[in-house]
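Taken together, the values in this text are just the output of simple stated rules run on the coordinates, not laboratory data. Quantities reported herein were computed from a predicted structural model and do not represent experimental measurements. As a convention, Cβ positions derive from the backbone with ideal geometry for all residues, glycine included, and neighbour counts pool all protein chains shown.
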Amino acid sequence: MPTSVVTGAAGFIGSHLAETLLQRGEQVIGIDQFNDYYDPSLKRKNVAALQQHPNFRLIEGDIQAQDWSSILESVDVIYHQAAQAGVRASWGKGFHDYTERNISATQILLEATKDAPKLRRFVHASTSSIYGDAETLPTTETMCPKPVSPYGITKLAAEQLGLLYQKNFGVPFVSLRYFTVYGPRQRPDMAFHKFFRAAMLDEAIAIYGDGQQTRDFTFVADAVAANLAAAEAPAGEAVGEIFNIGGGSRVVLAEVIDTMERIVGKPIQRQHIGQAMGDARHTAADVSKARSRLGYNPTVPLAEGLTQEWAWIQSLYS
Ligand SMILES: NC(=O)c1ccc[n+]([C@@H]2O[C@H](COP(=O)([O-])OP(=O)(O)OC[C@H]3O[C@@H](n4cnc5c(N)ncnc54)[C@H](O)[C@@H]3O)[C@@H](O)[C@H]2O)c1
């Protein structure tokens, strides 16, 4: 039975990934520091069911403060999901958390993997924010990265570190650049979570800019499937590689809100505010590389994924 480490296991994507691994009969060591970037009680809820599972062990603490050589003794795969996410908070004083949690923590983990006896894959959660305002849409992995936020800079640095450790020490590193992930347990600072919560409370939603920005939205189960595929693909297909992980279609934000109105069954009041600094105007993933090398195939259409997120929001806030 393989043993995996999931960093950020109490977070949005990490908790889904840990759950899926346990369902597959794997042993999972989850690590999370439960920081207060958003309400830690939400993270406690994310991880509550996992903690009932006999094959799950939770390490509560900072990645940088662990004895990784003993943790990694029996570990086959690392899924490195922990990070300081969020584009807007990465300006100004908040930047320190981004360098610590995205760059320094990743370096500590990579350094430890050099001597991990059983490790066969290090799957890294990267982001479309690395591209910034990409010149070509849909964007391929060969596009020159030009982040437009400090967050994107730190995630690019983490990804580059991983590639360095792969080249110099043979760490079996593979990077997945997620494009806006959504679904149940989505972070409360993310748009769909905020929109559904506002709709529930009959409040107006704040839309940055004109609402004509486009995104490639990825349902969380598809992001999880990409992680499993990246862990299992032959080394020659995946190691040292970067893959775009998108939902398969590009959607205008204003149209997403129309779909949300149909799901919640009432109009959602919209309030347009200034454009957010650090937000890319458009994102769209060319996922053909992930398709051909990893067999990645996003399966959850937006309306279905949004319906699932709405059900979760209702149970969370009712
Ligand atoms: N959600 C998205 O749309 C999206 C898009 C692109 C990339 N990503 C990436 O996916 C990953 C997961 O994102 P998420 O939305 O689930 O975020 P999240 O904030 O819900 O989860 C991250 C978790 O990591 C933990 N953490 C952070 N630094 C840590 C450290 N040093 N030690 C221990 N725990 C630590 C946090 O407490 C948190 O619970 C991140 O790497 C993020 O950059 C997310």
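Some observations on this one:
- Cα pair distances in the range 115-185, grouped into 10 Å bins until the bin that holds the longest one, percent each: 18, 44, 28, 9, 0
- Residues of type lysines that K266 reaches as a straight line, Cα spacing below 17 Å, ignoring anything fewer than 8 places off in the same chain: K194
- 14 Å beta-carbon shell around F243, net charge (K/R +1, D/E -1): -3
- Summing charges over all other residues whose Cβ lies under 12 Å from the Cβ of N102, with Lys and Arg as +1 and Asp and Glu as -1, gives -1.
- Using distinct alpha-carbon pairs, which all enter the 1/r mean, Kirkwood radius of the range 152-291 in Å: 16.9 Å
- Using only side-chain charges placed at the Cβ, +1 for Lys and Arg and -1 for Asp and Glu, the dipole size of the range 92-148 relative to its Cα centre rounds to 280 debye.
- The range 188-240 pair-distance distribution - Cα-Cα, 5 Å bins, rounded %: 4, 15, 15, 16, 13, 10, 9, 8, 6, 3, 0
- Using the Cα coordinates of the range 9-77, the gyration tensor eigenvalues translate into equivalent-ellipsoid semi-axes of 19, 17, 9 Å, sorted from longest to shortest.
- Estimated from helical segments only, the mean residue ellipticity of the chain at 222 nm is -11500 deg cm²/dmol, where each DSSP H run of four or more residues counts as -39500 (n - 2.57).
- Extents of the chain, largest first, come to 56, 44, 40 Å (Cα atoms, principal axes, whole angstrom).
- Computed lengthening from Q64 to M1, 0.36 nm per intervening residue step minus Cα-Cα distance: 19.9 nm
- Degrees, to the nearest 10: 253-264 long Cα axis against longest axis of the chain: 80 degrees
- With both residues required to sit in the chain, DSSP beta bridges show an antiparallel share near 10%.
- Rounded to the nearest angstrom and listed largest first, the equivalent-ellipsoid semi-axes of the range 229-284 from its Cα gyration tensor are 36, 17, 8.
- Applying a threshold of 25 Å to the alpha-carbon distances of K93/K155; K45/K146; K114/K146; K146/K289; K43/K118 flags K45/K146; K114/K146; K43/K118 as lying beyond it.
- Whether the range 1-123 is rounded, prolate or oblate, judged on the alpha carbon gyration tensor where a/c under 1.5 counts as rounded: oblate
- Each Lys and Arg Cβ is given +1 and each Asp and Glu Cβ -1; about its Cα centre, the range 213-261 then shows a dipole of about 100 debye.
- P(r) histogram, all alpha-carbon pairs of the range 59-181 included - 5 Å bins from 0, percent: 2, 11, 21, 22, 19, 13, 8, 3, 1
- A dipole drawn for the chain from +1 and -1 charges on Cβ atoms has a positive end, and of Y151, A231, T113 the residue lying farthest that way is A231.
- Cα gyration tensor shape for the range 1-44, rounded if a/c is under 1.5, else prolate or oblate: prolate
- About the Cα centre, charge dipole magnitude for the range 33-161 (Lys/Arg +1, Asp/Glu -1 at Cβ), debye: 260 debye
- Note on the range 153-253: antiparallel DSSP beta bridges, both residues inside, total approximately 35 percent of the bridges counted.
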